[in-house]
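Down below is the structure, laid out as structure tokens.
The values are calculated or read from the model by the stated rules, or taken from the named source; none is laboratory data. On a predicted model such as this, the values are computed, not experimentally measured, just so you know. The area values use the complete protein model at the heavy-atom level, side chains included, leaving out ligands, DNA and RNA. Shrake-Rupley method; radii C 1.70, N 1.55, O 1.52, S 1.80 Å.
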Amino acid sequence: MDTDFRGDRDHHDGTSDATPGGYPQKRRPGELGFAAFLSGASLFLLYSAYGISGFESLSAPGAVPMATTLVMAVTALLITLRTAQQQRVTSETLAKDILPGTVVMFIGFLTVFGVLLQPLGFVLTAALFLLVSIKVLARKSWVYTIGVTIASLVIIWLIFRVVFTVLLPAGILPEAEFIQLFRNLVSGAA
């Protein structure tokens, strides 16, 4: 352990340290809740794996998923119990040190991105996401924000849709016509 580490006396500056959780033998805000969530999710997955074929035999279709989720559930429960026994770090808060406002905001942005992806399509949804994200993070002028958004979107679209022909949700934008126009321009130039 680093001899310069002072535990509770110093505040995290956003850099990483080698001790899981940041403090030896202490739990950070939200750590117990997250461990309990993982335990609950593991138990749910175990129940779902049991629903595949029950516990008929070791060669049943649900045997490997049940074994895997049983290991997940047992280890998650052990971690939850161990975490519950640890003393809480008092110099940190969940809102400031673990889940600051920017992180919560981007969780919201990504949720909205997922909801709008099907109706609007990839290009428009990604354009909105990039525009808002760059404006929030860079805090620069609208000219800069729009320029970086358009340049990024064009590069992403060309690489994934044209070069690798990945099927992205089209939505309301006539993307097939743009691709055909682009192919006509490229084949006409050659």
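Structure notes:
- Entry comment: accessible area of segment 103-159 is 61 Å² per residue, from protein heavy atoms only and a probe of 1.4 Å.
- Within the accessible surface of the chain, defined with a 1.4 Å probe on protein heavy atoms only, the carbon and sulfur portion equals 70 percent.
- Using a probe of 1.4 angstrom and keeping all protein chains present, the accessible surface of segment 48-88 works out to 70 square angstrom per residue.
- Ranking of Y144, Y50, Y23 by solvent-accessible surface, largest first: Y50, Y144, Y23 (1.4 Å probe, protein heavy atoms only, all chains present).
- 10 Å-binned pair-distance histogram of segment 72-145 (Cα, whole percent): 16, 27, 26, 19, 12, 1
- Kirkwood Rh and Cα Rg combined as Rg/Rh, segment 116-190: 1.04
- Scaled radius of gyration (Cα, divided by 2.2 N^0.38 Å) that the chain gives: 1.50
- Listed residues V104, V64, V136, most fluctuating in the chain (Gaussian network, C-alpha, under 10 Å): V64
- Accessible area per residue was computed with a 1.4 Å probe on protein heavy atoms; W142 scores about 140 Å².
- To the nearest 10, the accessible area of R28 is 50 Å² with a 1.4 Å probe.
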